[in-house]
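Some notes on the structure that comes next.
The values are calculated or read from the model by the stated rules, or taken from the named source; none is laboratory data. In this text the structure is predicted, and so the values were computed from the model without any measurement. Cβ placement follows ideal geometry from the backbone for every residue including glycine, while neighbour counts extend to all protein chains displayed.
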Number of protein chains: 2
Amino acid sequence: MKNMAKLGVLRIGHRPKRDKRITTHVGLVSRTFGADQFILAGNDIKVINTLNKVNSKWGNENFKAELTKSPKKFVSEWKKKGGKVVHLTMYGINLPDFKFNNIRKEDTLIIVGAEKVEPWYYENADYNVAIANQPHSEVSALAIFLDRYFKGKELYKEYDSKLKIIPMKSGKKVVEK
Amino acid sequence: MKNMAKLGVLRIGHRPKRDKRITTHVGLVSRTFGADQFILAGNDIKVINTLNKVNSKWGNENFKAELTKSPKKFVSEWKKKGGKVVHLTMYGINLPDFKFNNIRKEDTLIIVGAEKVEPWYYENADYNVAIANQPHSEVSALAIFLDRYFKGKELYKEYDSKLKIIPMKSGKKVVEK
């Protein structure tokens, strides 16, 4: 699977104590479901270290995890370079009404918030998209969005990684290179 | 959307302090993505209360959240009544190779674990299924599994609820009944 264009995920509103695991899961979904870049607003380097550790074991050379101190500036610069911005929110237009062809050929930044998101993000996103207009989770919202973007192909990906799972009907089998 | 058969989600391995938010998100995904029942192994009633509160605001009469003290007994009884059991694990057969027709006509229990899962569950599940053989999150794994089960129709569901979101290109609009 090769991206047609660059795909980034920006996580905003992260509260280090409360959101540590949820944000880590958002990062892992970004990686496993095919994003090229995960950007965390704030200074919680622990989350980034965890993601880099997983990435070095399970393999995805293209994937980068990093921090930003200025998420709004990051968004503005992404747009200045001609990229598109999609904000995932349960208040947006529902996913089945979103046309993925609007973003397939452009570098796209997906913004994933926590509980409260400033109006600035709604206004500056090119698209506010809801994965069902009902509450669930930023982890599942991102997974479904990326799954639709890649049309399910992300589930077949294979990497040249240190660890590799051999799928089994029952039990666990991991091979190490 | 009407289920052809009953669909339950059993969350095992929950550690109240560490997993509170992740497990709540697993419960919310169960609800919003169309499961009829969420069963939490253990005695963390707070998670159940949160789910019931969300459910009464956002509407889904069919959905029930409850605790079980004996998850293995729960699984065994589900099977005795003729139901199928699917365990989601990154070590299982990969999702694209799983045939949903195996479970569509049967009551199905989906088991979602935390970090360590006892071999008993691998052995007693009818199917061990991986949502990609790579690490991500039980929240995203469940969402993708339910999305495939319902063929995306769960994203269109409408409830007769107290609160309802009016999808918007930008901003938030919630109407209260």
Set A:G59, A:G83, A:G34: member being touching a helix residue (DSSP H, G or I) at 6+ places or on another chain (Cβ under 8 Å) and not polar (S, T, N, Q):
A:G34
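Can you name every one of the helices (runs of 4 or more DSSP H) wholly within the stretch A:1-106 that holds 1 or more residues which are surrounded by 14 or more Cβ atoms within 10 Å (Cβ to Cβ), in contact with a strand residue (DSSP E or B) (Cβ under 9 Å, 6 or more places away or on another chain) and of a type in the set (F, W, Y)? Break it down stepwise before answering.
Working: elements: A:16-32, A:45-58, A:71-80.
Of the helices (runs of 4 or more DSSP H) lying wholly inside the stretch A:1-106, those with at least 1 residues that are surrounded by 14 or more Cβ atoms within 10 Å (Cβ to Cβ), in contact with a strand residue (DSSP E or B) (Cβ under 9 Å, 6 or more places away or on another chain) and of a type in the set (F, W, Y) span A:45-58, A:71-80.
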Does A:A130 meet the test of being in contact with a Gly (Cβ under 7 Å, 6 or more places away or on another chain), crowded, with 16+ Cβ neighbours inside 10 Å and either modelled with pLDDT of 95 or more or over 30 Å from B:E158 (Cα atoms) (or both)?
yes
Residue match in the stretch A:63-85 (condition: within 14 Å of chain B (Cβ to nearest Cβ), farther than 21 Å from A:N101 by Cα and in contact (Cβ under 8 Å) with a residue 60 or more places away in the chain)
no
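Looking for something under 16 Å from the mean Cα position of the chain (by Cα), under 22 Å from B:G27 (Cβ atoms) and buried (at least 24 other Cβ atoms within 10 Å of the Cβ) - is there at least one such residue anywhere in the stretch B:111-118? Reasoning before the result, please.
Initially, the stretch B:111-118 is screened for residues under 16 Å from the mean Cα position of the chain (by Cα), giving B:111-114.
Then drop every residue that is not under 22 Å from B:G27 (Cβ atoms), which leaves B:111-114.
The next check asks that each one be buried (at least 24 other Cβ atoms within 10 Å of the Cβ); those that pass are B:111-112.
Looking through the stretch B:111-118, at least one residue is under 16 Å from the mean Cα position of the chain (by Cα), under 22 Å from B:G27 (Cβ atoms) and buried (at least 24 other Cβ atoms within 10 Å of the Cβ).
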Yes/no for B:K57 being closer than 20 Å to B:V174 by Cα and out of contact with any Phe, Trp or Tyr (no Cβ under 8 Å at 6 or more places or on another chain)
yes
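Name the residue, out of B:S170, B:S140, that is more than 16 Å from B:G34 (Cα to Cα), touching a helix residue (DSSP H, G or I) at 6+ places or on another chain (Cβ under 7 Å) and polar (S, T, N, Q). Reasoning before the result, please.
Details: B:S140 fails: more than 16 Å from B:G34 (Cα to Cα).
One residue alone meets the criteria, B:S170.
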Report, by residue number, each residue of the stretch B:110-133 that is part of a strand (DSSP E or B) and either within 22 Å of A:V139 (Cβ to Cβ) or among the polar types (S, T, N, Q) (or both).
B:I110, B:I111, B:V112, B:N128, B:V129, B:A130
Out of (1) surrounded by 20 or more Cβ atoms within 10 Å (Cβ to Cβ); (2) at pLDDT 90 or above, what's the single condition that is false for A:K172?
(1)
Which condition number in (1) among the charged types (D, E, K, R); (2) part of a loop (DSSP other than H, G, I, E, B); (3) more than 8 Å from chain B (Cβ to nearest Cβ) is the one that A:K169 fails?
(3)
Looking only at the stretch B:134-157, count every residue that is more than 9 Å from chain A (Cβ to nearest Cβ), out of contact with any Gly (no Cβ under 7 Å at 6 or more places or on another chain) and in a loop (DSSP other than H, G, I, E, B) and tell me the total.
1
List, please: which pairs have Cβ atoms under 8 Å, are six or more places apart or on different chains, and start with a residue in the stretch B:18-47 that is within 14 Å of chain A (Cβ to nearest Cβ) and on the phi > 0 side of the Ramachandran plot and end with one that is buried (at least 18 other Cβ atoms within 10 Å of the Cβ) and part of a strand (DSSP E or B)?
B:G34/B:L7
With (1) under 24 Å from B:V129 (Cα atoms); (2) more than 10 Å from chain A (Cβ to nearest Cβ); (3) hydroxyl-bearing (S, T, Y) as the list, and B:S56 as the residue in question, which single condition is left unmet?
(1)
The lone condition B:V175 fails out of (1) more than 8 Å from chain A (Cβ to nearest Cβ); (2) part of a loop (DSSP other than H, G, I, E, B) is (2)
Just the residues that are in contact (Cβ under 8 Å) with a residue 40 or more places away in the chain and either more than 8 Å from chain A (Cβ to nearest Cβ) or within 27 Å of A:N55 (Cα to Cα) (or both), please, taken from the stretch B:115-126.
B:E115, B:K116, B:V117, B:W120, B:Y121, B:N124, B:D126
